[in-house]
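Q: The following block contains the structure, expressed as structure tokens.
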Amino acid sequence: MNFHTQYFDLGRLDRLSYRRTAVHSLDPRAKVIATGLFLVTVVSFPKYDVAGLVPFLLFPVLAATLGEIPIGFILRKVLIVSPFAVFVGIFSPFLDTRTVAVIAGLPVSAGWLSFASILLKFALTVSAALLLVATTSFPGVCHALRRLGCPPIFVSQLLFLYRYLFVLAEEAMRIVRAWDMRAFAGRGRGATVFARLVGVLLIRTLDRAERIYQAMLCRGFAGDIPRLGTLRLRSVDLVFVAITAVFLGACRFFPVTEGIGLLAQGIWR
Amino acid sequence: MSHHIIEFKEVFFRYPDGTAALRGVSFRIVHGESVGVVGANGAGKSTLLQHLNGCLLPTSGQVTIGDLNLTAATRGEIRRKVGSVFQNPDDQLFMPTVFDDVAFGPLNLGLDKAHVRERVESALSRVNGLALKNKPPHHLSAGEKSAVAIAAVMAMEPDILAMDEPAANLDPRSRRSLIGLLKTFQHSKLVASHDLDLILDVCERCIVIGEGRVVADGPSEDILSNRTLLEANNLELPLSLQRR
Ligand SMILES: Nc1ncnc2c1ncn2[C@@H]1O[C@H](COP(=O)(O)OP(=O)(O)OP(=O)(O)O)[C@@H](O)[C@H]1O
Ligand SMILES: [Mg+2]
């Protein structure tokens with residue numbers, strides 16, 4: 001996948017948030033809290049617990065379905081960042097070789113189990129975060145964070161990150177395009193030229209940062225980014241948070257997977 | 001009314017790299033005057049305009065806006081009066097949505113919410129941009145960005161307007177409505193542009209800048225019909241005067 005398609009994909013995440021579904025219309029604060037609870041619960045699972053994590057897949061699947069977000073799109077995004085998780089977890093199968101279970105005649109070591117749990121936790125948390133943005137929009141999330149008491153400086157940073165990520169990507173694209181048009185047949189394509197292009201990008205970015213700051217001062221900026229508050233917490237939002245909390249609590253503290261397994265066995269007999 | 005006066009006295013400005021961009025600029029603009037600033041590329045128009053809102057401070061000489069001398073201490077106050085539109089709208093639209101961006105200034109002025117909303121809607125509809133309200137700026141075309149940048153400044157209802165190439169990316173119809181909009185703005189304004197027809201239409205007075213100096217200053221009709229003067233400054237007669 002090259003740079004251009006990546007860039008337009010970023011814009012797509014953005015456009016998904018324009019939809020009008022039940023999930024989109026929930027209060028951003030409710031969604032931020034629910035996602036936060038979800039992340040904390042998933043991360044709090046012990047190292048070897050894979051089975052316990054499985055029911056949590058329901059959360060992203062439900063959110064994507066109800067929010068009409070294409071699951072394939074989210075999965076692709078998760079895959080793109082997954083090398084990171086693989087890197088973090090790949091050593092445990094070699095370091096932790098105790099056999100903890102035998103599945104279909106094959107011994108399963110504790111290391112593989114913890115590797116699987118790392119991957120699963122990673123997929124769950126990343127997809128939850130992506131879904132939050134896809135159903136709330138990044139500015140919506142920032143606004144919610146601000147209203148939930150996040151320090152203004154932190155929220156401003158996030159907002160700028162979002163706004164100028166696109167500008168920076170466009171700037172980089174322009175530089176690459178201009179360079180591409182005038183570098184022929186291997187000439188002007190060496191590492192030194194590349195290093196200088198990166199340098200140009202850096203300088204342009206610094207210059208731009210300066211100009212943006214000036215523009216903000218011109219419009220009365222004094223540290224906080226004000227916004228017209230239009231958020232209203234409805235009973236639906238409270239119910240949503242409550243149900244999520246109960247669901248997460250149940251999956252965390254009761255062996256739901258085993259229960260379903262036993263139930264299935266019961267029906268089987 | 002003294003508070004809409006703009007006065008430059010022997011203003012010099014040198015960029016940190018040593019480029020002398022302004023070399024002794026002097027002029028005085030009284031309340032309600034509409035002044036065009038023209039000149040070749042690199043003449044110093046943008047540099048001059050950035051002195052109006054204190055983005056740049058003169059290296060020597062004096063800039064007076066209303067009854068305040070421009071210094072590091074007064075520039076905050078001066079910025080409340082002067083609305084500036086920059087040459088590059090991407091520098092100016094920094095909020096995540098068009099609506100939020102236009103609301104940014106009025107909110108910082110401490111207006112109440114209903115009032116802010118009203119100002120945003122009226123400013124956006126004056127630039128034909130009401131439909132863009134919920135879009136993020138990075139999904140706008142260049143001309144739409146310019147239009148929104150203009151609305152963002154108009155929403156603050158400034159006493160003085162400083163615009164750098166406001167019509168650069170606009171299609172003919174949007175350019176027309178910008179001209180109409182500028183004509184309705186009653187207070188002092190300074191417009192830097194290579195669009196000499198726009199200047200002729202909007203400004204009764206015109207200042208020609210060349211190599212950081214005021215080369216000519218007078219009624220737009222006289223200056224913009226002076227072929228020798230214009231050509232000496234890389235400019236040509238406005239189209240509307242060429243036909244005569
Ligand atoms: N940040 C900077 N650092 C150093 N020199 C600069 C900087 N910005 C502009 N200059 C120089 O200052 C001079 C005046 O530039 P300015 O941008 O004011 O020109 P301008 O009249 O607005 O031109 P244009 O019509 O192309 O917009 C030019 O010689 C330019 O090279
Ligand atoms: Mg300029």
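The values are calculated or read from the model by the stated rules, or taken from the named source; none is laboratory data. Keep in mind that this is a model prediction, so the values were computed, not measured. Note that each Cβ is placed from the backbone with ideal geometry, even for glycine, and that neighbours are counted across all protein chains shown.
Q: Across the stretch B:42-71, which residue is farthest from ligand 1 (Cβ to nearest atom) among those that are in contact with a helix residue (DSSP H, G or I) (Cβ under 6 Å, 6 or more places away or on another chain) and of a type in the set (Gly, Ala, Ser)?
A: By that ranking, first place goes to B:GLY66.
Q: Which of the residues that make up the stretch B:10-39 are part of a loop (DSSP other than H, G, I, E, B) and under 14 Å from B:ASP164 (Cα atoms)? So that I can check it myself, show each step before the final result.
A: Quick first cut of the stretch B:10-39, residues part of a loop (DSSP other than H, G, I, E, B) only: B:15-19, B:30-33, B:39.
Answer for the stretch B:10-39, where residues must be part of a loop (DSSP other than H, G, I, E, B) and under 14 Å from B:ASP164 (Cα atoms): just B:GLY39.
Q: Quick check on my filter: what residues within the stretch A:218-242 are in contact with a helix residue (DSSP H, G or I) (Cβ under 6 Å, 6 or more places away or on another chain), without any contact (Cβ under 8 Å) to a residue 60 or more places away in the chain and surrounded by fewer than 18 Cβ atoms within 10 Å (Cβ to Cβ)?
A: A:LEU228
Q: In the stretch B:12-41, what residues are within 13 Å of ligand 1 (Cβ to nearest atom), over 19 Å from B:PHE185 (Cα atoms) and among the hydrophobic types (A, V, I, L, M, F, W, C)?
A: Within the stretch B:12-41, B:PHE12, B:PHE13, B:ALA20, B:ALA21, B:LEU22, B:VAL25, B:VAL38, B:ALA40 qualify.
Q: Determine which single condition B:ALA168 fails, assuming it passes every other condition in (1) of a type in the set (A, V, I, L, M); (2) within 16 Å of ligand 2 (Cβ to nearest atom); (3) part of a strand (DSSP E or B); (4) more than 14 Å from chain A (Cβ to nearest Cβ).
A: Checking B:ALA168 against (1) of a type in the set (A, V, I, L, M); (2) within 16 Å of ligand 2 (Cβ to nearest atom); (3) part of a strand (DSSP E or B); (4) more than 14 Å from chain A (Cβ to nearest Cβ), the one that fails is (3).
Q: Would you check if B:GLU118 is of a type in the set (D, E, K, R), farther than 23 Å from A:GLY140 by Cα and either crowded, with 18+ Cβ neighbours inside 10 Å or within 12 Å of chain A (Cβ to nearest Cβ) (or both)? Full working, then the answer.
A: On the way: of a type in the set (D, E, K, R): yes; farther than 23 Å from A:GLY140 by Cα: no; either crowded, with 18+ Cβ neighbours inside 10 Å or within 12 Å of chain A (Cβ to nearest Cβ) (or both): yes.
So B:GLU118 fails the test.
Q: Now, a different point. When residues of the stretch B:28-60 are filtered for being surrounded by fewer than 17 Cβ atoms within 10 Å (Cβ to Cβ) and away from ligand 2 (no atom under 16 Å from the Cβ), how many remain?
A: So the answer is 7.
Q: Further question on the same structure: So, B:VAL63, is that one out of contact with any strand residue (DSSP E or B) (no Cβ under 6 Å at 6 or more places or on another chain) and at pLDDT 90 or above or not? Lay out the reasoning, then the answer.
A: Working: out of contact with any strand residue (DSSP E or B) (no Cβ under 6 Å at 6 or more places or on another chain): no; at pLDDT 90 or above: yes.
No, not satisfied.
Q: Which of (1) within 16 Å of ligand 2 (Cβ to nearest atom); (2) away from chain A (no Cβ under 14 Å) does B:TYR15 not meet, given it meets every other one?
A: Unmet for B:TYR15, out of (1) within 16 Å of ligand 2 (Cβ to nearest atom); (2) away from chain A (no Cβ under 14 Å): (2).
Q: Name the residues in the stretch B:1-33 that are in contact with an Asp or Glu (Cβ under 8 Å, 6 or more places away or on another chain) and of a type in the set (D, E, K, R), would you?
A: B:ARG23, B:ARG28, B:GLU33
Q: So, one more: Any chance you could count how many residues in the stretch B:121-136 are surrounded by 20 or more Cβ atoms within 10 Å (Cβ to Cβ) and either more than 20 Å from A:PHE221 (Cβ to Cβ) or in contact with a helix residue (DSSP H, G or I) (Cβ under 6 Å, 6 or more places away or on another chain) (or both)?
A: Let us first name the residues in the stretch B:121-136 that are surrounded by 20 or more Cβ atoms within 10 Å (Cβ to Cβ), namely B:123-124, B:127, B:129, B:132, B:136.
From what's left, either more than 20 Å from A:PHE221 (Cβ to Cβ) or in contact with a helix residue (DSSP H, G or I) (Cβ under 6 Å, 6 or more places away or on another chain) (or both): B:123-124, B:127, B:129, B:132.
Looking only at that region, the number is 5.
Each row is one residue, and each column tells you yes or no for (1) acidic (Asp, Glu); (2) at pLDDT 90 or above; (3) more than 16 Å from ligand 2 (Cβ to nearest atom); (4) not in a strand (DSSP E or B).
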position: B:GLY143; (1), (2), (3), (4): no, no, yes, yes
position: B:ALA151; (1), (2), (3), (4): no, yes, yes, yes
position: B:ARG176; (1), (2), (3), (4): no, no, yes, yes
position: B:GLY180; (1), (2), (3), (4): no, no, yes, yes
position: B:ASP197; (1), (2), (3), (4): yes, yes, yes, yes
position: B:ASP201; (1), (2), (3), (4): yes, yes, yes, yes
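Residues checked against (1) modelled with pLDDT of 90 or more; (2) among the charged types (D, E, K, R); (3) in contact with a Phe, Trp or Tyr (Cβ under 6 Å, 6 or more places away or on another chain); (4) away from ligand 1 (no atom under 16 Å from the Cβ):
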site: B:VAL127; (1), (2), (3), (4): no, no, no, yes
site: B:ALA131; (1), (2), (3), (4): yes, no, no, yes
site: B:HIS138; (1), (2), (3), (4): no, no, yes, yes
site: B:ALA192; (1), (2), (3), (4): yes, no, no, no
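Q: Quick one: is B:LEU111 away from chain A (no Cβ under 12 Å), of a type in the set (A, V, I, L, M) and more than 26 Å from B:ILE199 (Cβ to Cβ)? Lay out the reasoning, then the answer.
A: Values: away from chain A (no Cβ under 12 Å): no; of a type in the set (A, V, I, L, M): yes; more than 26 Å from B:ILE199 (Cβ to Cβ): yes.
No; evaluated as a whole, the condition is false for this residue.
Q: Here are some residues: B:ALA152, B:ALA167. Which one is buried (at least 18 other Cβ atoms within 10 Å of the Cβ) and more than 16 Å from ligand 1 (Cβ to nearest atom)? Can you show your working first?
A: Working: B:ALA167 fails: more than 16 Å from ligand 1 (Cβ to nearest atom).
Just a single option satisfies the conditions, and that option is B:ALA152.
Q: Let me spell it out: the conditions are (1) within 16 Å of ligand 1 (Cβ to nearest atom); (2) out of contact with any helix residue (DSSP H, G or I) (no Cβ under 9 Å at 6 or more places or on another chain), and B:ARG173 meets all of them except one. Which number is the exception?
A: All conditions are met except number (1).
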